[in-house]
1. Out of 173, 180, 154, 138, I need the residue that is under 18 Å from the mean Cα position of the chain (by Cα) and either surrounded by fewer than 19 Cβ atoms within 10 Å (Cβ to Cβ) or without any contact (Cβ under 8 Å) to a residue 24 or more places away in the chain (or both). Which one?
2. So, residue 164, is that one at pLDDT 95 or above and surrounded by 14 or more Cβ atoms within 10 Å (Cβ to Cβ) or not?
3. List the helices (runs of 4 or more DSSP H) inside the stretch 9-105, counting only whole elements, that have at least 2 residues being under 24 Å from residue 203 (Cα atoms) and touching a residue at least 60 places away in the same chain (Cβ under 8 Å).
């Protein structure tokens, strides 16, 4: 089973959208993020979707400032609604969402402690993955991390039959989408000065993938 298709099965009825996958993967993702993030700093989330992760993590990661973003106006409205619902005490750590394209030549004018993309690179063209890697290499501070979550192929093979079926469904909807191969992502990251630091197996046949700046040998 795979829980990753944010684009389907959102519960509507108010500006605050809910994605069942967010409820299922919130804690497993947090367990990794809380361990690998730098102690403090600005976190840019790309493709924030409903905003459920943003509001939850901003509330618990009290030494971080969370900057959500999404190209979808509906998603940004949901993030803003969750932010209002959380109350003024969270506003200093959870910023208003931005309409950010990961392929933009510049993201923010501040150094980033982390870039987080949850269920993004398989529901977007490969150019978005490349944009994330390029932007992270450009804007992460020295101890910063890039965190990617979702399903991957490994060694050219799917890790479960359900992921293969999910991949087929993605490509049927848009041929530019699809479950990415971790080796290809890592190679593209390495070409940009980022090294694969950690891979964590997650529920529902997903992976948490952590990149850091490559160590320069002297």
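The values are calculated or read from the model by the stated rules, or taken from the named source; none is laboratory data. If you're wondering where the values come from, they're calculated on a predicted model, not measured in any experiment. Here Cβ is always computed from backbone atoms with ideal geometry, including for glycine, and neighbour counts include all displayed protein chains.
1. 138
2. Values: at pLDDT 95 or above: yes; surrounded by 14 or more Cβ atoms within 10 Å (Cβ to Cβ): yes.
Yes: the conditions hold for residue 164.
3. Per the criteria, 20-36.
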